[in-house]
Amino acid sequence: LALNYFKLAAQSGNANAMAYLGKMYAGDSSAVTPSNKTALQYFTSAAQSGNAIGYAGLGLMHLQGRGVPASPQKAEEFFGRSAELGYAEGQLQLGLMHYTGITQAGIRDLKKALKYFTLASQQGNTLAFFYLAQMHAAGSGVLRSCQTAAELYKNVAERGRWSDQLMEAHRLYKEESGSAYAALLRYLFLADSGYEVAQSNAAYILDQNPEAFFPANESYSRARQLWSRAAGQSYAQARLKLADYHYYGLGGPANLEQAASLYRAASEQQSNAQAMFNLAYMYERGLGLERDLHLAKRYYDQAAEASADAYMPVMLALCRLAVEFVMDYLRAATT
Ligand SMILES: *[C@@H]1O[C@H](CO)[C@@H](O)[C@H](O)[C@H]1NC(C)=O
Ligand SMILES: *[C@@H]1O[C@H](CO)[C@@H](O)[C@H](O)[C@H]1NC(C)=O
């Protein structure tokens, strides 16, 4: 469809469409058989109308000697025109030529490289951020600064194609039976990069299939660590699961105080009804904190308010609590 519409637009003289056709024929698309000659023709027509994308395309063809003899001089000239018109890809390529020293002059010019990488980065060009980071990390052309380099690298990391990988993992898990392991591996990889969704999903797969991929003790221990990382990013469901793991001693020692404090965090910060209910139960039974029937009632009430689903279990718990109040009263009266 893109090919079809670009062709229509190019026929009525649209230079952007010509440039994009050039990109498609240069190998950016599987919709056409790549051809250096055709790409060159489209880039040339676009450039004849002063089109920045067309100039950048011509620059690349001349740099790589595709359909024309390789010429750094011409490449530099075309990238220069493209960069002047504000096209980020042209700025990046010109920066790269100066950075590597593959220019007409044949020498590296780090000042110019810095200038063009900076211009391209201001338009959000990911590779430009990367090369700026390299320059700041190594102190080439600039004062060495690890802090600036780290900030720039972070910019690169956050612009990665993680969302595609998350979708792929999700698709594997949902659509293909027997692909849970492949999905798990992808989630684990992304979890290591700090993605909370991936941490939670990897933990979930391990939690639901504790014996499928690892021995159960190892699955729970990995899941506990993953829930803990996701909980650290304030995900309520992960806090709840981590609290459960501490309550039941899954993947590590049981720790009721820790469980109570995690249920409390999920109750108070995210109004999670299940967490409120569990916290109430711990107050009712004096598990991990001092038994307190009034606080138990308060959290049961809050759970019922927070979620309609909690109504029945809360009613049952409140009935039980009413009996316990009476028992406590009688016990106090008889001693
Ligand atoms: C374009 O030219 C380059 C360099 O000569 C060559 O490697 C490549 O195979 C050519 N592509 C096509 C589609 O002819
Ligand atoms: C799981 O159990 C096995 C065998 O009892 C033990 O060798 C291994 O260290 C345990 N792994 C963890 C993570 O606790």
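Over segment 1-129, calculate the relative contact order: mean separation of alpha carbon pairs under 8 Å at least 6 apart, over the residue count, as a percent.
This gives 15 percent for segment 1-129.
What is the angle, in °, between the Cα long axis of helix 52-64 and the longest principal axis of the Cα atoms in the chain? Nearest 10 is fine, range 0 to 90.
80 degrees
How large is the helix-only mean residue ellipticity at 222 nm for the chain, computed as the sum of -39500 (n - 2.57) over DSSP H runs with n ≥ 4, divided by its residue count, in deg cm²/dmol to the nearest 500?
-23500 deg cm²/dmol
Which trypsin sites (Lys or Arg not before Pro) does segment 100-176 hold that lie in a coil by DSSP with at most 10 other beta carbons within 10 Å?
Arg161
Treat each spin label as a single point 7 Å out from the Cα along the C-beta direction, and report the Glu290 to Cys146 distance in nm.
It is 4.8 nm.
Assign unit charges at the C-beta atoms only (+1 for Lys and Arg, -1 for Asp and Glu), then state the dipole size of the chain relative to its Cα centre in Debye, rounded to the nearest 20.
Magnitude of the dipole: close to 1120 debye.
Whole-Hz ³J(HN,Hα) for each residue in segment 2-18, computed from phi via Karplus 6.51 cos²θ - 1.76 cosθ + 1.60 with θ = phi - 60°, x for glycine and proline: what do you get?
My calculation for segment 2-18 gives 4, 4, 4, 6, 4, 5, 4, 5, 5, 4, 8, x, 6, 6, 4, 4, 4 Hz in order.
Using θ = phi - 60° and the Karplus relation 6.51 cos²θ - 1.76 cosθ + 1.60, list the HN-Hα couplings for segment 261-276 in order, rounded to whole Hz, with x at every Gly or Pro.
Result, ordered by residue: 6, 6, 4, 5, 4, 5, 5, 7, 8, 10, 6, 7, 5, 4, 5, 4 Hz.
Once a ≥ b ≥ c are taken as the square roots of the eigenvalues of the Cα gyration tensor of segment 165-227, is the result rounded (a/c under 1.5), prolate (a/b larger than b/c) or oblate (a/b not larger than b/c)?
Oblate, because a/c is 1.5 or more while a/b does not exceed b/c.
Could you list, in their original order, any pairs among Lys23/Lys74; Lys115/Lys154; Lys174/Lys241; Lys37/Lys111; Lys7/Lys154; Lys111/Lys154 whose Cα atoms are separated by more than 29 Å?
Violating the 29 Å limit, Cα to Cα: Lys37/Lys111; Lys7/Lys154.
Among Thr38, His98, Gly86, whose Cα lies farthest out toward the positive end of the dipole of segment 37-116, if unit charges sit on the beta carbon of Lys, Arg (+1) and Asp, Glu (-1)?
Positive-end residue among those listed: His98.
Round to the nearest 0.05 the FRET efficiency obtained for Tyr311 and Asn217 when R0 = 30 Å and r is the Cβ-Cβ distance.
0.20
Find which of Val156, Ala15, His136 sits farthest along the positive direction of the dipole of segment 2-157, computed with +1 on the beta-carbon of Lys and Arg, -1 on that of Asp and Glu, about the Cα centre.
His136
For segment 231-244, what does the Karplus curve 6.51 cos²θ - 1.76 cosθ + 1.60, with θ = phi - 60°, yield as ³J(HN,Hα) per residue in whole Hz, taken in order and with x for Gly and Pro?
The phi angles translate into 4, x, 9, 6, 8, 4, 4, 5, 4, 4, 5, 4, 4, 4 Hz.
Compute the Cα gyration tensor for segment 252-335, then decide on rounded, prolate or oblate, letting a ≥ b ≥ c be the square roots of its eigenvalues: rounded whenever a/c is under 1.5, prolate when a/b is larger than b/c in the other cases, and oblate in all that remain.
It is oblate, given that a/c is not under 1.5 and a/b is not larger than b/c.
Only the coordinates and a few stated rules stand behind these numbers; no lab work does. What you see is a predicted model, and the numbers here were worked out from it, not measured in a lab. Because the Cβ atoms are built from the backbone with ideal geometry, glycine has one as well, and the counts that use them run over all protein chains shown.
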